[in-house]
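Here is the structure we will look at, set down as structure tokens.
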Amino acid sequence: MINISNKRECFFDTYLINEEKTTAEVRVHHPVKREPVMIYDAPWEGNRSHYQTMTFDGEKYWMYYFAGTKRKLNGFCVATSKDCMTWERPNCGIVEFEGSKDNNIIIANGVFPDHTSFDNFAVFYDNNPNCPKEEKFKAVSMWCGTGKLRAYCSEDGIHFRVHSVITEDGEFDSINLAFWDSERKKYFCYYRGEHEPSRDADITVKSYTEKQAMMLYDPARGAYRDPGDGSVAFTRDIRVIESTDFINWSKARPLTANGPDMQYYTSGVMPYPRAPHIFVAFPTRYVERKAWTPNYDELCGKDERQRKMKSSAREGLSLTDCLFMTSRDGYDFTRYDEAFFSPAPECPTNWYYGNCYPATFLLETPSAIPGADNEYSFFCNESDYAVEDDSATAFCRFTVRLDGFVSRHAGGEEKVIITKPFIYEGDKLFANIATSARGYAYFTLRCEAVEFTSYEVFGNSVDKQIHFEGNAVESLSGREVILEVRLFDCDLYAIRFGEKQSNSNGK
């Protein structure tokens, strides 16, 4: 029996839904671009300032990012903010750049003698109550040249030291990330791996002779190398490990998802803040077409794309976008193959390999509409990899409705959502719902031979109370029920039983 207690249940998956009886369709929603919050225009920054990770220490926000250009990595930097809208570069005094240590670079070649180069450095603030104060900031990074993923720690978020080796089972040349999961009382680490393409893969694999295949196989890594000719001999995947102490880690398991095999460049996994028993993920999807076609002649940035082709075919042919996934256990995910976040309308700095790498972070912020419900802000580079010179890139804010990644939808014909049997706790029912002026929803709670139907529901609110006659919701609390919702011109995002929760807008 499913017991949801008084937790928020989002319709990101079918956990609560009786699919055989439900007719309301699944709808993926998309973010809205807002303003730039930081321009990477410091002398040590440039067009390859990316791979942002963001975290919050209880007082301020921290952003860590790769700074440099296509030609030169200058290091990993830190910036801080009180609101994620205005960022400051602290003078860290650690790394010398052009004769001065007056900059915000904290990690670069030479900071750690055995670390010859860096591809990524992802930081999180450790909310484990048993974490020593000198390890409150933790980071994971590929230990270049060794085939290992290594951990680092810091007390102040600026001065890091080596902590331990996490795993050697992977590729790691991407944003590898870790976090403390307060719901499950353990750490999760998601990192880049590779495997041979499956037969049902949605990519076309070039036909190799046995000799060619052996040349591409690297036994030390247990994986195939990218031949760099616009074909691919492996599939990039995501692997998952867990730990209770951040030292002893489980054996790696592949992240699994419904649908065909797919190329992931990042994972973007995190507990969902409004319902931390649910994981959400925003992986970057890598799409590699195999040959130049007339469409590339019409695509923006033709000259730059052809220039890239001379050094690496995939950099001219490949594209990236961002998906939405969700999980109840951190291993098995429901994936939506309709892109959640796609490249913007064509311009000289987009539709390249390197677009749509969002920072793994959600921040609840006030709506631009005075008095309206809060929304989620998340952040992503405006462009990356697009130009070869040292021009600056912009780090931009995007917004999406709270719980608003996926809904159950009805258009101009009434549809129904019917749940599996479940138990709840509470005397009130709330819903995240949006209708048109004519649209509506009716909620019916059924328990054995008893049923209660709500008054008509219409409007647009992330926590709208659903009213019934009498004490219907309270009377069925703790008993096995089925919920039926009839919808017309309506999106239903989530439900929650319990008490009214205040919003910063006063609702």
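Taken as a whole, the condition of being touching a Leu at 6+ places or on another chain (Cβ under 8 Å) and either within 30 Å of TRP87 (Cβ to Cβ) or among the charged types (D, E, K, R) (or both) applies to ARG496.
Taken residue by residue, segment 314-327 has at least one member that is closer than 21 Å to LYS290 by Cβ, among the basic types (Lys, Arg) and either out of contact with any Cys (no Cβ under 7 Å at 6 or more places or on another chain) or not assigned by TED's automatic domain parsing to the domain that holds ASN176 (or both). Checked against (1) buried (at least 19 other Cβ atoms within 10 Å of the Cβ); (2) farther than 18 Å from HIS159 by Cβ, LYS33 passes all but condition (1).
Could you list, ordered by first residue, the pairs with Cβ atoms under 8 Å in which the first is in segment 461-484 and basic (Lys, Arg) and the second is at pLDDT 95 or above, at least 6 apart or interchain? As it stands, the answer is LYS464/PHE430; LYS464/ALA431; LYS464/ASN432; LYS464/ILE433; LYS464/VAL457; ARG479/ILE423; ARG479/CYS447, since those pairs meet every condition given. Scoring ALA24 on the criteria (1) in the same structural domain as PHE379 (by TED's automatic domain parsing); (2) more than 22 Å from ASP173 (Cβ to Cβ) leaves a single failure, condition (1). If the condition is being at pLDDT below 85 and either closer than 14 Å to GLY354 by Cα or not basic (Lys, Arg) (or both), then segment 305-315 contributes LYS308, MET309, SER311, SER312, ALA313, ARG314, GLU315.
Selection of segment 1-20 for residues being outside any loop (DSSP other than H, G, I, E, B) and more than 15 Å from GLY426 (Cα to Cα) yields ILE2, CYS10, ILE17.
Restrict the check to segment 283-305 and report whether at least one residue is crowded, with 20+ Cβ neighbours inside 10 Å, over 28 Å from VAL123 (Cβ atoms) and outside the structural domain of ARG8 (by TED's automatic domain parsing). Step through it out loud before you land on a result.
We begin by selecting, within segment 283-305, every residue crowded, with 20+ Cβ neighbours inside 10 Å; these are 283-286, 301, 305.
This time we only want the ones that are over 28 Å from VAL123 (Cβ atoms), so: 301, 305.
Filter again for outside the structural domain of ARG8 (by TED's automatic domain parsing), leaving 301, 305.
Checking segment 283-305: at least one residue is crowded, with 20+ Cβ neighbours inside 10 Å, over 28 Å from VAL123 (Cβ atoms) and outside the structural domain of ARG8 (by TED's automatic domain parsing).
Pairs are defined by a Cβ separation below 7 Å, a sequence spacing of at least 6 or placement on different chains, a first member in segment 78-101 that is more than 22 Å from PHE121 (Cα to Cα), and a second member that is among the β-branched types (Val, Ile, Thr) and surrounded by 15 or more Cβ atoms within 10 Å (Cβ to Cβ); the pairs so defined are MET85/VAL37. Every condition in (1) hydroxyl-bearing (Ser, Thr, Tyr); (2) surrounded by 15 or more Cβ atoms within 10 Å (Cβ to Cβ); (3) part of a strand (DSSP E or B) is met by SER164 except one, and the failing one is (2). Can you name the residue in segment 167-190 that is among the charged types (D, E, K, R) and assigned to a strand (DSSP E or B) and, of all such residues, is surrounded by the most Cβ atoms within 10 Å (Cβ to Cβ)? Going through the qualifying residues, I end up with ASP181. Considering segment 235-277, the residues that are among the acidic types (Asp, Glu) and assigned to a loop (DSSP other than H, G, I, E, B) include one that is farthest from the chain's Cα centre (by Cα), namely ASP245. In this entry, ILE39 is excluded by the filter for residues that are out of contact with any Gly (no Cβ under 9 Å at 6 or more places or on another chain), under 21 Å from SER407 (Cα atoms) and not in a loop (DSSP other than H, G, I, E, B). Restricting attention to segment 309-366 and to residues that are of a type in the set (Gly, Ala, Ser) and more than 25 Å from ARG408 (Cα to Cα), the residue that is farthest from the chain's Cα centre (by Cα) turns out to be SER311.
How many residues does segment 227-251 contain that are of a type in the set (A, V, I, L, M, F, W, C) and modelled with pLDDT of 95 or more? Spell out the reasoning first.
Just the residues of segment 227-251 that are of a type in the set (A, V, I, L, M, F, W, C), to begin with: 232-234, 238, 240-241, 246-247, 249.
This time we only want the ones that are modelled with pLDDT of 95 or more, so: 238, 240-241, 246-247, 249.
Within segment 227-251, residues that are of a type in the set (A, V, I, L, M, F, W, C) and modelled with pLDDT of 95 or more number 6.
In segment 129-143, the condition of being over 20 Å from ALA359 (Cβ atoms), touching a His at 6+ places or on another chain (Cβ under 7 Å) and at pLDDT below 95 is met by at least one residue.
From the set of residues in segment 230-258 that are of a type in the set (Gly, Ala, Ser) and over 27 Å from ARG8 (Cα atoms), which is surrounded by the fewest Cβ atoms within 10 Å (Cβ to Cβ)?
If we filter segment 230-258 for residues that are of a type in the set (Gly, Ala, Ser), which is where we start, we get 230-231, 233, 243, 250, 252, 257.
Retained after the next criterion (residues that are over 27 Å from ARG8 (Cα atoms)): 230-231, 233, 250, 252.
Numbers: GLY230: 20, SER231: 20, ALA233: 20, SER250: 14, ALA252: 16.
Of everything passing the filter in segment 230-258, SER250 is surrounded by the fewest Cβ atoms within 10 Å (Cβ to Cβ).
The values are calculated or read from the model by the stated rules, or taken from the named source; none is laboratory data. It should be emphasised that the depicted structure is a prediction, and the values quoted were computed from it without experimental measurement. In this analysis, Cβ positions are derived from the backbone assuming ideal geometry, glycine residues included, and neighbour counts consider all displayed protein chains.
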